[in-house]
Amino acid sequence: MLKASIDLGAFRRNHQSIKQIVGKNVAVLPVIKADAYGHGMIRMAKEALKLGAPVLGAGTLDEGILIRQEKIASPVLLLDGIFPDQAEDAVKYRLTPVVFSVDSARELDKIGKKKARKIPIHIKFDTGMGRIGWTMSDSAKALEQLVKLKNLQVEGIMTHLASSADLGSPQTDHQLMRFNAVLAEARRAGLAPTYVHAANSGGVINHKPSHFTMVRPGISLYGYPPSETKGVEFEEVMTVTSKLLSVKDVQQGEGVGYGATYITPRIKKIGVVMGGYADGVNRLLSNKGSVVINERAVPILGMVCMDNFMVDLSKCSGAKPGDEVVLLGGGHEETSAEKLAELTGTISYEVLCRMGSGPRITRNYVNG
C-alpha cells in the first residue's frame with residue numbers, strides 16, 4: 001500500500017546545483033549504491049547518464065552485475081571494492097573495482113594478462129577515515145607494488161572525507177594535506193590518473209580544494225545536503241505516502257497500541273495508518289513522530305506496529321479511510337528525512353534507505 005513518488009525533475013535540479021558549485025571542468029560521479037539511497041538504483045542510473053555522468057558509483061559487485069543485466073554499458077565504479085575471488089566476475093562484467101589490497105590487484109593483473117588487456121582500477125588511500133584504503137604508512141610501498149603490475153590501468157586515485165559536513169573540524173584539511181602528498185608520490189611513480197576524487201556531498205559544498213577532477217555526491221543528489229548551503233538550492237526527491245485504513249472514536253482511559261504506552265485522556269478520534277516498522281517506519285517514532293493528512297500534521301500515538309501505526313485525528317476531523325497519509329517528504333518539515341532522523345537518533349541517509357526500499361513499497365517516477 002505504501003507508495004514512493006520519485007521526482008526526477010528535482011533530481012536533475014540537484015545535479016545542476018552540484019555542477020554550479022564544482023564547475024564544468026569537474027566530473028560528477030553520482031552515487032547510486034544501496035538502491036540509490038532507496039530511490040531505485042536502475043532508474044536513477046539511467047537518469048544520471050542522461051545528465052552526462054561519466055561513471056556510476058555502485059557499492060558491491062552484485063550491484064554492478066545488476067546494472068549490467070539491465071543493459072547499462074557505462075563505466076561503473078565498485079566503491080566497496082572486491083575480494084580477490086571476485087576479480088573474475090568484475091572483469092567479466094567490465095566493472096571498475098576500487099582496489100586497496102595487493103592480493104586483489106595481483107588477481108586483476110593476472111586476469112588482465114590472460115585476456116591481453118589492461119584492467120581499469122581506482123586505488124584508494126585511507127587519509128583519516130579509518131575505513132578501506134591503504135594507510136599513509138603503507139602508501140609508498142603500495143604504489144611501488146602497483147606500478148609493477150603492467151596489466152592494470154590506474155584510472156583513478158581516491159580517498160574519502162570523514163568530517164566534510166562539519167565546518168568546525170580541522171580533519172578535512174588534514175586529510176587533504178595527506179592526500180596531496182600521496183598524489184605527489186603517485187606522480188613520481190609515473191601514474192597519471194584521469195580521475196582524482198575525494199569529495200562526498202559535504203566536500204562538494206564546503207571544501208573546494210577537495211574537488212580535484214571528480215566529485216562523488218550522494219545524499220545531496222537526493223535533496224538532503226549534509227550541511228547548510230548558501231545560494232544553491234536542493235530539493236527532496238522522494239515522497240512516501242500511505243492511506244488511512246480505519247477511523248474510530250476511542251473512549252477515555254483506553255490504551256492505544258502494544259503495551260498501552262498511550263492512554264487516551266478523553267474521547268479521541270484515532271486513525272490507523274497502513275505501514276509499520278516492516279516498511280521502514282522507525283519504531284522510535286512511537287509517541288513522538290508525526291505524519292501529514294489533508295495538509296495537517298498529526299501525531300503518532302502508541303507503539304509503531306509491524307504493519308500499522310495509530311495517529312491522533314483530533315485536529316483533522318474530516319479524515320476518513322482511504323485518505324492519503326504523507327510519511328516522508330512532501331515538502332513538510334514534520335516528515336522531512338532530516339526531522340525523522342532527528343527524532344530517531346540517526347541520519348537522513350538511513351531514513352531514505354529504509355523507507356524507500358521496503359519490500360511492500362511501489363515506486364512511481366514523475367517529471368521524467
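Among the strands (runs of 3 or more DSSP E) lying completely within the stretch 52-131, list those that include at least 3 residues that are in contact with a Ser or Thr (Cβ under 8 Å, 6 or more places away or on another chain) and surrounded by 15 or more Cβ atoms within 10 Å (Cβ to Cβ). Show your work before the answer.
On the way: elements: 56-58, 76-78, 96-99, 119-124.
Because the criterion is at least 3 residues that are in contact with a Ser or Thr (Cβ under 8 Å, 6 or more places away or on another chain) and surrounded by 15 or more Cβ atoms within 10 Å (Cβ to Cβ), the strands (runs of 3 or more DSSP E) in the stretch 52-131 that meet it are 76-78, 119-124.
Before we move on, is K46 at pLDDT 95 or above, among the basic types (K, R) and more than 11 Å from V204 (Cβ to Cβ)?
yes
Can you confirm whether S163 is assigned by TED's automatic domain parsing to the domain that holds T213, closer than 16 Å to K208 by Cα and of a type outside the set (D, E, K, R)?
Yes.
Return yes when G253 is surrounded by 22 or more Cβ atoms within 10 Å (Cβ to Cβ), of a type in the set (G, A, S) and modelled with pLDDT of 95 or more and no when it is not.
For G253, the condition - surrounded by 22 or more Cβ atoms within 10 Å (Cβ to Cβ), of a type in the set (G, A, S) and modelled with pLDDT of 95 or more - is not met.
Please verify whether E333 is out of contact with any His (no Cβ under 9 Å at 6 or more places or on another chain), free of Cβ contacts under 8 Å to residues at least 24 places away in the same chain and within 20 Å of I6 (Cα to Cα), treating the condition exactly as stated.
yes
Of the residues A181, A199, only one is closer than 18 Å to G133 by Cα and part of a loop (DSSP other than H, G, I, E, B); which?
A199
Can you tell me which residue in the stretch 209-242 is surrounded by the fewest Cβ atoms within 10 Å (Cβ to Cβ), limited to those that are of a type in the set (D, E, K, R), within 18 Å of D166 (Cα to Cα) and over 14 Å from the mean Cα position of the chain (by Cα)?
K230
Within the stretch 347-361, take every residue that is touching a residue at least 60 places away in the same chain (Cβ under 8 Å) and more than 18 Å from L2 (Cα to Cα) and give me the one that is nearest to the chain's Cα centre (by Cα).
Y349
Please go through the stretch 287-312 and pick out each residue that is part of a strand (DSSP E or B) and either not aliphatic (A, V, I, L, M) or not assigned by TED's automatic domain parsing to the domain that holds L244 (or both).
Selection gives S290, R296, P299, N308, F309, D312.
When you look at A116, is it hydrophobic (A, V, I, L, M, F, W, C) and farther than 28 Å from S201 by Cβ, yes or no?
Yes: the conditions hold for A116.
Which of the residues belonging to the stretch 263-284 are outside any loop (DSSP other than H, G, I, E, B) and either of a type in the set (F, W, Y) or touching a helix residue (DSSP H, G or I) at 6+ places or on another chain (Cβ under 6 Å) (or both)? Let's see the steps before the verdict.
As a first pass, look at the stretch 263-284 and keep what is outside any loop (DSSP other than H, G, I, E, B): 263, 268-274, 277-279, 283-284.
Passing the criteria: Y277, R283, L284.
Within the stretch 335-346, is there a residue that is modelled with pLDDT of 95 or more, of a type in the set (S, T, Y) and surrounded by fewer than 16 Cβ atoms within 10 Å (Cβ to Cβ)?
Within the stretch 335-346 (the criterion being modelled with pLDDT of 95 or more, of a type in the set (S, T, Y) and surrounded by fewer than 16 Cβ atoms within 10 Å (Cβ to Cβ)), the answer is yes, since at least one residue qualifies.
Could you pull out the residue among S227, S246, S242 that is touching a residue at least 24 places away in the same chain (Cβ under 8 Å) and part of a loop (DSSP other than H, G, I, E, B)?
Values: S246 fails: part of a loop (DSSP other than H, G, I, E, B); S242 fails: part of a loop (DSSP other than H, G, I, E, B).
It is S227.
What number of residues in the stretch 140-162 are within 17 Å of H197 (Cβ to Cβ) and surrounded by fewer than 21 Cβ atoms within 10 Å (Cβ to Cβ)?
Looking only at that region, the number is 3.
The values are calculated or read from the model by the stated rules, or taken from the named source; none is laboratory data. This structure is a prediction, so every number in the text was calculated from the model and none was measured. Because the Cβ atoms are built from the backbone with ideal geometry, glycine has one as well, and the counts that use them run over all protein chains shown.
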